[in-house]
1. Any chance segment 72-84 includes a residue that's open to solvent by less than 60 Å² (accessible area, probe 1.4 Å) and in contact with a helix residue (DSSP H, G or I) (Cβ under 8 Å, 6 or more places away or on another chain)?
2. When the residues of segment 261-277 are filtered to those that are surrounded by fewer than 22 Cβ atoms within 10 Å (Cβ to Cβ), more than 10 Å from residue 204 (Cβ to Cβ) and of a type in the set (A, V, I, L, M), which remaining residue is modelled with the lowest pLDDT?
3. Considering only segment 167-260, give the helices (runs of 4 or more DSSP H) lying wholly within it that have at least 3 residues that are open to solvent by 60 Å² or more (accessible area, probe 1.4 Å) and in contact (Cβ under 8 Å) with a residue 24 or more places away in the chain.
4. Pick from segment 85-103 the residues that are in contact with a Leu (Cβ under 8 Å, 6 or more places away or on another chain) and under 24 Å from residue 245 (Cα atoms): which of them is most open to solvent (accessible area, probe 1.4 Å)?
Amino acid sequence: MRAPGSGCAPASNPGCQSGPGPKAGAWLVRCICRSPWWLRLWRMFLGASRDLVPIVLVVAFFQIVVLQQPFPDLERVLIGLVFVVVGLSLFVHGLEQGLFPLGESMAHSFARKGSLSALLVFAFCLGFGTTVAEPALIAIAAEAADVAGAAGAIPDTDAARATYALQLRLTVAVSVGAALVLGVFRILKGWPIHHLIIAGYVIVVAMTAFAPEEIIGIAYDSGGVTTSTITVPLVTALGVGLASVIRGRNPLLDGFGLIAFASLMPMIFVLAFGMIV
């Protein structure tokens, strides 16, 4: 029986014996799972702090060395940094415990169900639902509407700006749903991803030549705001889970790439939106 505070030492825990070969990974998992909850929590916070060190050093260097100014309200900055560490730790833990297993489980269930239409409908709804409420998309759509109103591209009224922003959000959300449908279909058929990506960017370049200048930057930026903190884990888990249960598919080769489609397709749809509207 492991003594309190003894950690994961093999000598104190018979079930936590290390050894060479493949059993070493299972030993590490058993050690982590059997560690006290406070030790696992400390390791999570320590990992999040380590991940934040580079950006903290960069900001501190430019603030102190380049700008040669003290941090404004240093106490508030440090408190905020602690909140970031705690939030990042809990967020990553939540992804590992909830969203990743959920996405893989749903992918397995749809594959066993054998209904292609249900799988594609789910993929579209997943892409649409996680994107339409994305805060970054809401912000960029509202900013685009304000700029379009000021430039005279649309009537400079609150109603016109709200309608334009909503149309832009729906366009991007539909495009991400369509991107996931295409990505899932690619996994099922085993199509090479680079062929589709190259063809997509050729279409983007061709459409750029005919699209209004004021929509081009918005279209390119829309590809980045769709890869949110909720969309990415679910979509990645869906692709990997789907590729792992389909015979002849390699999760490493076929399971990834859905995020690339989710970044590419909005550019095409928003360019078309600008040409039509």
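1. no
2. 277
3. On the way: elements: 193-208, 213-225, 231-245, 251-254.
Answer list for segment 167-260: 213-225.
4. Only one residue fits best here, namely 102.
The values are calculated or read from the model by the stated rules, or taken from the named source; none is laboratory data. Everything numeric in this text was worked out from a predicted model, so none of it was measured. Here the Cβ is made from the backbone with ideal geometry for all residues, glycine too, and neighbour counts use every protein chain on show. With ligands, DNA and RNA removed, areas are computed over all heavy atoms of the protein, side chains included. Shrake-Rupley method; radii C 1.70, N 1.55, O 1.52, S 1.80 Å.
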